[in-house]
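Chemist: Okay, here's the structure, questions in a sec.
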Amino acid sequence: MRDVITVGIDAHSQVHAAAAVDSRGRVVAQLETGTDRSELGRMLTWVQALPVPREIAVEGAKGFGRPLTLLLLAAGEEVVDVPTHLTAHGRRTSRRRGKDDEGDAIIIARVAIREDTLPRMDAAHLNTDMKLLVDARDQLVQEQIRVRNRLHALLIGLCPGHRAVTGALTSKAALQRARVLAMKERTSDPVRAHLALVAIRRLTALGKETAELGVLIANQLRQDTHEHLLAIPGVGQLTAAKILGETHDARHFPSAAAFAAHAGSAPIPASSGNTTRHRLARGGNRQLNRALYTIARSQARWHPDARTYLARKRAEGKSAAEARRCLKRHLAAVVYRAMLRDLQAQEPPRPGTTAAAA
């Protein structure tokens, strides 16, 4: 059997360090390149000159290493993603003193040899369009909250009791009323009035940008079939987009339990003696966890099945928080199966089958 060469790549914004090791972890070649197109091409040429079979492990394959990972995949190379915490653990347990990119590349390669469950990269893993859109919208919403709070503080100084007139400043009509109040106070308090008008203009612009991103997200959702995911009570377009953007492809998870663990919705055992209990999992993908929490809160308010489920868990002796965690774990499995069904519906029919049969 031929020795497998594993290439570890430590990807950064301006430099990529690579190290090729054999199956025993011994270094056979090293290279450092820049990150522009010609330098990435030089890295690819170096990799292709290494003996086969080979595997490439990239730390940050979906971040700084994404352009290189796409280039390697297009050339037919097998690429796995190495999480930063595994690299950090390897650095702590290695005999190498200090930290440098060349050493990290060697550690990344050795981690890939040791770990056989690292995610393999493909086009679905690296398609970040949905995540980019959802993250951009979330950032705009957070900025709206900050600007709105600042406007409220300014209006308190300008017009005490302004909320009776303006309301919560979350609509165009409310902002228009706030603008009228600020305009009236331009003479008596010009600085606050000016800053309030600037904040109103910024909120108007942010509202327009947020709406435009909402349209882009809806268009992105319509590109594929997501009817099973959207049919889940409590899952709207924005929540579905958040889940899809963070998951990429549900088929990368071997089971619903693996997806729940990734989402941080699988409770962790914390039993002792005669006490059997589970505690909150604070790890996992917190954006996915937030989406599941949103669904659970929505269902707990009005969905009969969810309310019955929560009541049953409370009757079993669980606290209200523990019952909600159970519901969130149950919803993780529901969401996972819905995404799998949608992926099956997106697959083209097999040759020889009719559209109706498919």
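Chemist: How big is the dipole moment of segment 47-102 about its Cα centre under a simple scheme where the beta carbon of each Lys and Arg is +1, that of each Asp and Glu is -1, and everything else is neutral? Debye, nearest 20, please.
Modeler: Computed charge dipole of segment 47-102: roughly 380 debye.
Chemist: Determine the gain in length on full extension of the stretch HIS89-GLN30; use 0.36 nm per residue of separation and subtract their C-alpha separation, reporting nm with one decimal.
Modeler: Between HIS89 and GLN30, full extension yields an extra 19.1 nm.
Chemist: Let me ask you something else. Can you work out the accessible area per residue across segment 32-178, with the rest of the protein chains kept in place, probe 1.4 Å, in square angstrom?
Modeler: 54
Chemist: Out of the trypsin sites (Lys or Arg not before Pro) in segment 12-92, which ones are loop residues according to DSSP with at most 12 other C-beta atoms within 10 Å?
Modeler: In loop regions of segment 12-92 (DSSP not H, G, I, E or B), the sparsely surrounded trypsin sites (Lys or Arg not before Pro) are ARG24, ARG26.
Chemist: Can you give the extra length, in nm with one decimal, that the chain gains between ALA257 and ASP189 once fully stretched, where that is 0.36 nm per residue apart less the Cα-Cα distance?
Modeler: 18.5 nm
Chemist: Starting from the Kirkwood radius over alpha-carbon pairs of the chain, derive D by Stokes-Einstein at 20 °C in a medium of 1.002 mPa s and give it in µm² s⁻¹.
Modeler: Calculated translational D: 88 µm²/s.
Chemist: In the chain, what % of DSSP beta bridges are antiparallel (nearest 5)?
Modeler: 60
Chemist: Still on this structure, please answer the following. Hey, which of these cross-link pairs are over 30 Å Cα-Cα: LYS131/LYS318; LYS99/LYS242; LYS172/LYS328; LYS99/LYS131; LYS62/LYS318; LYS131/LYS328?
Modeler: Pairs exceeding 30 Å: LYS131/LYS318; LYS99/LYS242; LYS172/LYS328; LYS99/LYS131; LYS62/LYS318.
Chemist: Right, something else. From Cα pairs below 8 angstrom and at least 6 apart in sequence, can you work out the relative contact order of the chain, rounded to a whole percent?
Modeler: Once normalised by length, the contact order is 12 percent.
Chemist: Additional query: So which trypsin sites (Lys or Arg not before Pro) in segment 97-168 are both in a DSSP loop and have at most 14 other Cβ atoms within 10 Å of their Cβ?
Modeler: Of the trypsin sites (Lys or Arg not before Pro), the ones in loops of segment 97-168 whose Cβ has at most 14 other Cβ atoms within 10 Å are ARG97, LYS99.
Chemist: Please sort 76-83, 306-313 by packing, taking for each peptide the average over its residues of neighbouring beta carbons within 10 angstrom, highest first.
Modeler: Going by the mean number of other Cβ atoms within 10 Å, highest first, we get 76-83, 306-313.
Chemist: Continuing with the same structure: In whole Hz, with x marking every Gly and Pro, tabulate ³J(HN,Hα) for segment 133-141 from phi via Karplus 6.51 cos²θ - 1.76 cosθ + 1.60, θ = phi - 60°.
Modeler: These are the phi-based 3J(HN,Hα) values: 5, 5, 5, 4, 5, 4, 5, 5, 5 Hz.
Chemist: Given H placed 1.01 Å from N in the peptide plane, which residues other than close sequence neighbours of ALA263 have an amide H under 5 Å from its amide H?
Modeler: When sequence neighbours closer than 5 places are left aside, the close amide H contacts are ASN285.
The values are calculated or read from the model by the stated rules, or taken from the named source; none is laboratory data. The shown structure was predicted, so the numbers you read here are calculated from the model rather than taken from an experiment. Ideal geometry is used to build each Cβ from the backbone, glycine not excepted, and the neighbour counts take in all protein chains shown. Surface accessibility is based on the protein's heavy atoms, side chains included, excluding ligands, DNA and RNA. Shrake-Rupley method; radii C 1.70, N 1.55, O 1.52, S 1.80 Å.
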